[in-house]
Amino acid sequence: MSIKTIFITGGVLSSLGKGVTAASLGFLLERMGLKIALIKLDPYLNIDPGTMNPYEHGEVYVTDDGSETDLDLGHYHRFTNSPLSKISNATSGQIYNEVIQNERRGKYLGRDVQVVPHITDTIKQRIKDCGKQEDGIDIVLVELGGTVGDIESSPFLEAAKQYYSERKDSTFFIHLTYLPFLATTKEIKTKPTQHSVQELQRAGVFPDFIFCRTSHPMTKEHKEKIAINCSVDVSCVFEISDIKGSIYKAPLHLYNEGILDSLANKLHLKKAPLDLSSWKMMIESIENPLGTVKIAVVGKYIEFDDAYKCIYESLLHSAASASVSLEVVKVNSENIDDLEEKLSGVQGVLIPGGFGNRGVEGKIIAASYCRQRKIPYFGICLGMQALCISFARDVLNMDADSSELNPNCASPVISLLSEQEDVVDLGGTMRLGAYPCKLNKNSKAYEAYQTEFISERHRHRYEFDSRYKDQFEANGCKITGVHPELGLVEIVEITDHPWMVGVQFHPEFLSKPDKPHPLFSAFVNASLKHVPNNEPVYEYQG
Ligand code: GLN
């Protein structure tokens, strides 16, 4: 079978859940026994989201090959087994950069370099590459970021149109739109969808399916109206109702709407019975918990859920597998004056990654607080560095800091990686992607992973300075994971503590709802054992 391609475009509004919809379709197609690959096309001019503010763009998802990519790839990872690498996310910035570099090298010698055909050809090539990254890919799902009608999207729509005209039998389009509910007349309206589809058709793209996000049920008449005005069969207009409860119900919603059947007919796919039982069981345990675990996340982007998306999802996966619900207490690390009050009733504290000075002192103080009160603590990247700085200050009496935060401090227990010394550019230059790590067999990390060699993804410039290793170990902070050849410190643990672990890498990129990450599970299990409030204070308080 030749590779089939499904484009997913969005209309009317942004934030309709195109990423989750694409991932959910991928999930269902995989359950039919097909091999899928997902790609996200982002119309912005940045090369990647790596240099963007998380408030602007949400979290950056890092792949094994060290690409800094859109957060939708996190959905792809959690719902599907799609290969994910630098091939899986293309931005206008990357496309234009490639064309301009080719022009400088003389690839288009003697010709004008233009959006059509040079930019559009490069976009089409990226989609073709996505289908070639592994043998046996049956279907490529292309999520087009942005909203139809945006100036930036037009080269991508033009490329999609051309892609279709070159492969009419194997290219399909899904348009995800929104039906607003008018409170005054108490009805949902289809007009914005009609206009959005017309805009798409003007660009030469004719959707095969229209998915309508709506907060209120659609009637047959709504579907007929959209069908007749948008030139699609009424059987190809689907209601995508808002999901109540777990986001992991999204594929089941699509399935129950009969979308897979219609898709299988249109794409001439062999229908096969789907086994959704284990997925349904996972949702059962999310929705019918036997208890609760209360975890505080202390960070500076706390008001914006997308900034720590994978962290929250990973905690949820582990809580569900322990049959408890997750209650997250969001603590802004810039404002921790009443930390005791904020952490009251909390069974565990997680400090995620971050950059720059803002809010770091709050993270360091929170790390001290958890160590002294023996509250389970999970430090990720900057959260691990905060653990080390707090330990050095309180226990080793050092004037300690990270040289990122205070370049002139007396004891830079966290300092610049030597490979970073000559780095000037900010984009794509960190220590990125998967690196191996060897675990000390006598450690909480080993207890969690149950294996000596692991691989985890990184995104940082600073590291634990090995000159301080002996002092740390002699006083109760053990190095329990290192890069096997380079000796870089990857994991630290406080020995006299129920569970205080810091990792320089980002385990949150690997957790799946049906395969929680072992470190998150170990942290959640330790937190479940913690009885909060009135914790006695141990050791010297700095
Ligand atoms: N800013 C720190 C570093 O670059 C931590 C990075 C992170 O938390 N991702 O090392």
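The values are calculated or read from the model by the stated rules, or taken from the named source; none is laboratory data. Predicted, not measured: the structure shown is a model, and the values here were computed from it. Quick reminder, even Gly has a Cβ in these numbers, built from the backbone with ideal geometry, and neighbours come from all protein chains shown. Surface accessibility is based on the protein's heavy atoms, side chains included, excluding ligands, DNA and RNA. Shrake-Rupley method; radii C 1.70, N 1.55, O 1.52, S 1.80 Å.
Leaving ligands, DNA and RNA out of it, rank Tyr538, Tyr76, Tyr462 by accessible area with a 1.4 Å probe, largest first.
Result of the area sort, largest leading: Tyr538, Tyr462, Tyr76.
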Rg and Dmax in Å for the chain, alpha carbons only: what are they?
25.0, 77
Peptides ranked, highest mean first, by Cβ atoms within 10 Å: ranges 379-387, 211-219:
379-387, 211-219
Per residue convex hull volume, Cα atoms of region 138-289, in Å³
142 Å³
According to the square roots a ≥ b ≥ c of the eigenvalues of the Cα gyration tensor, what is the shape class of region 438-513, taking rounded for a/c under 1.5, prolate for a/b larger than b/c otherwise, and oblate for the remainder?
oblate
Cα-based Rg (one decimal) and Dmax (whole number) for region 287-355, in Å?
12.3, 37
Contour minus Cα-Cα span, Lys132 to Glu166, at 0.36 nm per residue, comes to 10.5 nm
Compute the FRET efficiency between Leu426 and Phe304 as 1/(1 + (r/R0)^6), taking r as their Cβ-Cβ distance and R0 = 25 Å, and round to the nearest 0.05.
0.70
Among Ile364, Leu38, Ala322, which residue has its Cα positioned farthest towards the positive end of the charge dipole of the chain, with +1 placed on the Cβ of Lys and Arg, -1 on the Cβ of Asp and Glu, and the dipole taken about the Cα centre?
Leu38
Translational diffusion of region 413-476, µm² s⁻¹ [Kirkwood Rh, Cα pairs; Stokes-Einstein; 37 °C; 0.692 mPa s]
236 µm²/s
For region 371-447, take the alpha-carbon Rg, divide it by the Kirkwood Rh, and send me Rg/Rh.
1.02
For region 346-483, what size does the Cα cloud have along each of its three principal axes, sorted from largest down, in whole Å?
40, 33, 31
Hey, how much of the P(r) for region 211-352 falls beyond 25 Å, as a percent of Cα pairs?
50 percent
Under unit Cβ charges (Lys, Arg +1; Asp, Glu -1), what dipole magnitude, rounded to 20 debye, does region 1-87 have relative to its Cα centre?
500 debye
Given unit charges at Cβ for Lys, Arg (+) and Asp, Glu (-), the dipole magnitude of region 132-184 about its Cα centre in debye, nearest 20, is 200 debye
Charge dipole (debye, nearest 20) of the chain; +1 at Cβ of Lys and Arg, -1 at Cβ of Asp and Glu:
1480 debye
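Just for the chain, what percent of DSSP beta bridges are antiparallel, to the closest 5?
35 percent
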On average, how much accessible surface per residue is there in region 340-452, in Å², for a 1.4 Å probe, leaving out ligands, DNA and RNA?
38 Å²
Ignoring everything but the protein chains, give the 1.4 Å probe accessible area of Leu16 in square angstrom, nearest 10.
20 Å²
Protection proxy (average C-beta count within 10 Å per residue), highest first, orders 234-244, 317-327 as 317-327, 234-244
Taking a cut-off of 19 Å, what percent of all Cα-Cα pairs in region 70-202 are separated by more than that?
61 percent
Taking only the Cα atoms of region 339-382, how large is their convex hull per residue, in Å³?
64 Å³
Once label points are set 7 Å from the Cα along Cα→Cβ at both Ser15 and Asn229, what is their separation, rounded to one decimal in nm?
2.5 nm
Any idea what Rg and Dmax come out to for region 474-542 if you just take the C-alpha atoms, in Å?
14.7, 44
What nm value, rounded to one decimal, do you get for the distance between Leu45 and Glu187 when each label is placed 7 Å out toward the C-beta?
4.4 nm
